[in-house]
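Step one of this worksheet: look at the structure below.
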Amino acid sequence: MTTAQHTAEDLRGLAEQAGRDLEDASPLDILRWAAETFGPRFCVTSSMEDAVVAHLASRAFPGVDVVFLDTGYHFPETIGTRDAVGAVMDVNLITLTPVQSVAEQDAEYGPKLHDLDPDLCCALRKVKPLEQGLTGYDAWATGLRRDESPTRANTPVVGWDEKRRKVKISPIARWTQADVDAYVAEHGVLTNPLLMDGYASVGCEPCTRRVLEGEDARAGRWAGRGKTECGLHG
Ligand code: SF4
């Protein structure tokens, strides 16, 4: 296993080469490459919508770090899924929290910042904590898929995250929802109960609604606010 420190230029080159070489590789093989290349300087981030990527990563790299962002606004079902993942899977669960509690944020910016300025709320409660939490890693894996929305249609399986200067791995980018469902059924993977209750994508409670017939999976996120991404993936 290679765990040596890499420079940012090394990492960019690795990402670009791997993006070409691994485009047709299976998610498990992509994650085996990540484990082999980065060792403990690799982590998985999970929104706890489901534990599919965490499950795949734990097969490639038992004890892998799985990072969860606790914004303080999650559904109880999401926190329950996080706790179950930590209890039953061979992963090292790490929960990141924003600098301010929701009450402290309300005191400084006013209540319901998610309604007043959702970009600022996401910056404070998601983007900054993740950037701090990723400091010790060279590479991070996500559950992004190309079929989730038009904004994700060009997601590379391995790419360069210029904003954070890290390798960004999306091992199931080429999977469809049917592929995810089949993996969940085959391996008995934990999923968020809200997925059985009309939610196709699960984020913070104030900014997530059920999807309607014919809508894409992310249509229920920040609906009516002119926002489709939180800033973690843009
Ligand atoms: Fe705030 Fe909504 Fe973003 Fe969560 S998704 S951090 S509640 S704006």
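Each value in this text was obtained by applying a stated rule to the coordinates, not by laboratory testing. This is a predicted model, so every value here is computed, not measured. When we count neighbours, we look across all protein chains shown, and the Cβ atoms used for this are built from the backbone with ideal geometry, even at glycine.
Select from the range 180-195 the residues that are more than 17 Å from Ser46 (Cα to Cα) and of a type in the set (A, V, I, L, M, F, W, C) and list them in ascending order. Answer for the range 180-195, where residues must be more than 17 Å from Ser46 (Cα to Cα) and of a type in the set (A, V, I, L, M, F, W, C): Ala182, Ala185. Ala54 - would you say it is among the small types (Gly, Ala, Ser) and assigned to a helix (DSSP H, G or I)? Answer is yes for this residue.
Each residue in the range 113-130 was checked for being more than 6 Å from the ligand (Cβ to nearest atom), crowded, with 16+ Cβ neighbours inside 10 Å, within 22 Å of Val67 (Cβ to Cβ) and without any contact (Cβ under 8 Å) to a residue 60 or more places away in the chain, and 1 pass. Remark: pairs (first residue in the range 6-26, of a type outside the set (Lys, Arg); second residue surrounded by fewer than 15 Cβ atoms within 10 Å (Cβ to Cβ) and assigned to a loop (DSSP other than H, G, I, E, B); Cβ separation under 8 Å; 6+ apart in sequence or on different chains) = Ala8/Arg165; Leu11/Arg165. Selection within the range 45-98: residues that are touching a residue at least 40 places away in the same chain (Cβ under 8 Å) and touching an Asp or Glu at 6+ places or on another chain (Cβ under 6 Å). The member of this set that is farthest from the ligand (Cβ to nearest atom) is Ile94.
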